[in-house]
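Computed from the coordinates by the stated procedures, all read-outs in this text should not be read as laboratory data. All of these numbers come straight from a predicted model, not from anything done at the bench. Here Cβ is always computed from backbone atoms with ideal geometry, including for glycine, and neighbour counts include all displayed protein chains.
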């Protein structure tokens, strides 16, 4: 009987020690968070060229509208990350101007740790299909940039690796052009340089890195390498570098037979946007968790 009582007491003591230890660990983590405050909140900038690319993600969560000198900003929280969305407009020049203005917000209270160039991209190789999520290793511009002395920049390896772990395809190089590649023949002529193409990523990542942010590209493929676009979208852009419905209708009026293929392209672009939104939700949550754990550990080690 005494032995049984002794064993029970020992078990209770072990439980008490374990509970005290767990409470202590929880308090320590809380103290670290209290000491760091907003320092634990990673700030992420996600860019899209046009509202249509952002629409699917906007339907998945609530974004608050922010007015900053005419820029179209939305803000939300994903885990411990504060996420700001910027609509840049189509093309490298529009992206550079928007990013320059955006990054001028950077001071001790407003900055970005990470910049994600997102939206849709075209495929330049047959191994990439519509709806594939890509995370290229390197970005190529059509011309050498004087401020870089190069036509190539590499994205942040850690951010890209996280995207690959989540199922994104590597698509080693992405080419940023100043014109939408309308014909399959145009895509074929660029296939020796890269596996995918867009019109903004090079400028976006370059500007972000110049301001000290880590940059990565996560995009969804909207059109295959072997397909022509239904109309010349280069002729549908407004002065603000947005797709103008009126100009789209003008293109259709010139070629009514393009309507079925335009509807099909719209559907596959919408599907690609939905897949991208779902990927961003998962990716940013994991990124926020990873960075939060890192920062707690760093502060606790001080």
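Legend: calculated FRET efficiency, residue 93 to residue 293, from the Cβ-Cβ distance at R0 = 35 Å, rounded to 0.05, equals 0.35.
Applying 0.36 nm per residue to the separation of residue 210 and residue 60 and subtracting their alpha-carbon distance, the gain on full extension is 50.8 nm. Looking at segment 38-300 alone, DSSP beta bridges between its own residues are antiparallel in about 45 percent of cases.
Net length available on complete extension from residue 270 to residue 178 is 30.8 nm, with 0.36 nm assigned per residue and the Cα-Cα distance removed.
Annotation for residue 69 and residue 234: the two label points, set 7 Å from Cα along the Cα-Cβ direction, are 3.1 nm apart. Using a simple spin-label model with pseudo-atoms 7 Å out from Cα toward Cβ, residue 129 and residue 281 lie 2.3 nm apart.
Extension gain, residue 142 to residue 191, is 16.3 nm, computed as 0.36 nm per intervening residue step minus the present C-alpha separation.
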